[in-house]
1. Tell me the trypsin sites (Lys or Arg not before Pro) within segment 9-72 that lie in a loop according to DSSP and have at most 13 other beta-carbon atoms within 10 Å.
2. Under the 0.36 nm per residue contour assumption, what length would be gained going from the current alpha-carbon distance of I5 and V67 to full extension?
3. Taking 0.36 nm per residue of sequence separation and subtracting the Cα-Cα distance, how much length would be gained by fully extending the chain between M39 and L22, in nm to one decimal?
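Please treat every number below as a calculation from the coordinates, not as lab data. Worth saying up front: this structure is predicted, and the values here are computed from it rather than measured. Glycine gets a Cβ as well: all are built from the backbone with ideal geometry, and neighbour counts include every protein chain shown.
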Amino acid sequence: MEKLIRYGIIGIGGMGANHANLLLQNKINNACLASVCDMNKSFANNFADIPFYSNVSDFFNKEKIDVAIIATPHRKKKSGNDLGTKGSGGSGKCINYM
Ligand SMILES: NC(=O)c1ccc[n+]([C@@H]2O[C@H](COP(=O)([O-])OP(=O)(O)OC[C@H]3O[C@@H](n4cnc5c(N)ncnc54)[C@H](O)[C@@H]3O)[C@@H](O)[C@H]2O)c1
């Protein structure tokens, strides 16, 4: 049996939510949505059964994820890169920037 890849998503606005829905609808083989992170805490209500974090450090440190999708806006691309490289703390987790 293949390993289930645990995805986490940072930024669950338009594109992040699209990715989240694909995972929640089991449209990606061997993948599940393990955790979501957005600075807007109201988004937690949209993902009642999924661990939600409003800051990136907690997202990387408290939840076991294999792949992080960073779906923050264009203007935050640079900080998005920082989110991945600093936030993951060299953990070896795979980071996918949109
Ligand atoms: N590949 C594609 O086809 C495609 C298409 C559209 C957009 N995109 C990319 O997707 C990215 C997101 O676009 P969008 O339209 O979903 O934006 P959006 O504004 O709808 O959503 C971005 C979310 O990121 C959150 N966010 C911002 N900074 C954060 C931080 N530091 N920590 C946690 N959450 C944070 C915001 O609260 C927001 O909910 C953009 O970079 C864009 O380039 C890709």
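1. K27, K64
2. 21.6 nm
3. That works out to 4.0 nm of additional length.
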